[in-house]
Amino acid sequence: MKQANDLGREPIGPLVLRVALPSMLAQFVNVLYSIVDRMYIGNIAGVGELALAGVGICGPVITMVSSVASLIGVGGAPLMSIRLGEGKKEEARAILANAFLMLCTLSLALTAVLFCIRRPMLLFFGASEATIPYAETYFSFYVAGTIFALLSTGMSQFIICQGFPKIAMFSVVLGAVLNIALDPVFIFVLRLGVAGAAIATVLSQLASCCFVLRFLFGPWPQVSIGFKGYAARIMGRILAIGFTPFAIIAVDNVMIIAMNMVLQRYGGAQRGDMLVTCATIAQSFMLVVTMPLGGITGGTQSILSYNYGACHVGRVRAGQRRIFGLCLGFTALMTAVAWLGGPLFVRLFTADAQVAAQAQWAIRVCTLSLLPLGLQYEIVDGFTAIGQVRYSLPLSFWRKLVYFVALFVCPALFGAEAAFFAEPISDLLGPAVSIVVYLLVMNRVLKKRLQTRRTEP
């Protein structure tokens, strides 16, 4: 199969669009896994609100597990792309082989551990006595498919970095379409409730996993999965590069877990579960923003990585300018959607007037600072793409620190609902620092790369 995009020679503007849009759409479709599950679950007669709160407790834990895919996929793919840009194909092949082995091993280990600790973990993360049956049921079935979820998500990055973003997008679309079709069958026709939603998701992820592995084991990519070249040095480098995106996703979900715990504490027995339900709906909308946004910045890493490896620093600069523009355009659009379409979005999850009103307000609060958040994503992912984790990691953690401080201070001063303001505060103050660091550092990093290449034999 002919490479879809020549990362080193095609005009930057059209190239960024051709790579970013499929990756963005893939992540948008990927959101449907959780959105569709939550939508159907929220409409189960008699228990919808409690079931939705229970699944909402599972959401951040599941996403935290999925962050392992970013640890390996987003860690290995930029490294592999840099080697391809340098013309070192065998080293690129070894990176892919090591990444595949690591994903398989970590998936099986996580499945075993999570199944053993699932109930106490869910209770600790905010499940109440009323919601724990739904949370535990959903999580138990979902955990069985951990290996499919991690392999399909993690290995897709190695398809994108070789110039086939549309193939990666199709794998996600395949899974999402199956999930949408199977959810009502398992939930309502077979009357399996939240268990049915989890089973439908696992089967969908299995289909995506099979498609991704079939492509990467086949003759189509530049580099296929092999079974040689294993080295601790390579694994360590993959982990070093991937730690930043892994930490971002993991801590993002710790933030959600902390939010649920804070809402339960300050909301009390009377309002705690209702506020967690509202938070689940608001978090679902934020996924519609952040996952496609991550698709833009993560998907285009291959352009930055390849050209950084080839010492085309002008193309790196031009690529980032266009990625920044895409991020700002997308976040501006989603801000408008939040304020104009929020009520319609909420109605997909609940018919309860009190819950709907509170959830609509929460969505508007959480989206107050989306524009700077778009810049934050590209700055962090841009530094990661060129292997500069010494900048991306601290910048990411700074934003998280601001969030946690605001999360615990605001409700203590102003009541439970004030916890929702932690999101816009962190999305404003976090990027402010990142922008300053980017302006001070990026040009220096690129100039150093040119000097390094000139001194190579």
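The values are calculated or read from the model by the stated rules, or taken from the named source; none is laboratory data. No experiment lies behind these values; they were computed from the predicted model shown. A quick note on method: Cβ atoms are made from the backbone with ideal geometry, for glycine too, and the neighbour counts reach across all protein chains shown.
Remarks
- Tabulated pairs, region 311-336, first in a helix (DSSP H, G or I), second aromatic (Phe, Trp, Tyr), C-beta under 6 angstrom, 6+ apart or interchain: 316/308
- Within the set 95, 117, the sole residue that is at pLDDT 85 or above, more than 23 Å from the chain's Cα centre (by Cα) and either hydrophobic (A, V, I, L, M, F, W, C) or in a loop (DSSP other than H, G, I, E, B) (or both) turns out to be 117.
Conditions (1) over 28 Å from residue 74 (Cβ atoms); (2) crowded, with 24+ Cβ neighbours inside 10 Å; (3) touching a strand residue (DSSP E or B) at 6+ places or on another chain (Cβ under 6 Å), marked per residue:
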{"site": "334", "(1), (2), (3)": "no, no, no"}
{"site": "342", "(1), (2), (3)": "yes, no, no"}
{"site": "352", "(1), (2), (3)": "yes, no, no"}
{"site": "372", "(1), (2), (3)": "no, no, no"}
{"site": "381", "(1), (2), (3)": "no, yes, no"}
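- Any chance residue 297 is of a type outside the set (A, V, I, L, M), closer than 25 Å to residue 38 by Cα and at pLDDT 85 or above: no
- Scanning region 388-417 for residues that are in contact with a Lys or Arg (Cβ under 9 Å, 6 or more places away or on another chain) and either surrounded by fewer than 18 Cβ atoms within 10 Å (Cβ to Cβ) or among the small types (Gly, Ala, Ser) (or both) returns a single hit, 416.
- Restricting region 160-173 to residues that are surrounded by fewer than 24 Cβ atoms within 10 Å (Cβ to Cβ) and among the aliphatic types (A, V, I, L, M) leaves a set whose member that is nearest to residue 211 (Cα to Cα) is 167.
Condition check ((1) surrounded by fewer than 19 Cβ atoms within 10 Å (Cβ to Cβ); (2) of a type in the set (Ser, Thr, Tyr); (3) in a loop (DSSP other than H, G, I, E, B)) across all residues:
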residue	(1), (2), (3)
222	yes, no, yes
239	yes, no, no
252	no, no, no
258	no, no, no
262	no, no, no
270	yes, no, no
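- Among the residues listed as 393, 407, the single one being more than 30 Å from residue 347 (Cα to Cα) and assigned to a helix (DSSP H, G or I): 393
- Failed item, numbered, when residue 199 is tested on (1) under 20 Å from the mean Cα position of the chain (by Cα); (2) crowded, with 18+ Cβ neighbours inside 10 Å: (1)
- Within region 134-169, considering residues that are in a loop (DSSP other than H, G, I, E, B) and out of contact with any Pro (no Cβ under 6 Å at 6 or more places or on another chain), the one farthest from residue 52 (Cα to Cα): 163
- Failed item in (1) under 16 Å from residue 225 (Cα atoms); (2) out of contact with any helix residue (DSSP H, G or I) (no Cβ under 7 Å at 6 or more places or on another chain), with residue 109 passing the rest: (1)
- A count restricted to region 152-196 and to residues that are modelled with pLDDT of 85 or more and small (Gly, Ala, Ser) stands at 8.
- Flag if residue 365 is assigned to a helix (DSSP H, G or I) and at pLDDT below 90: no
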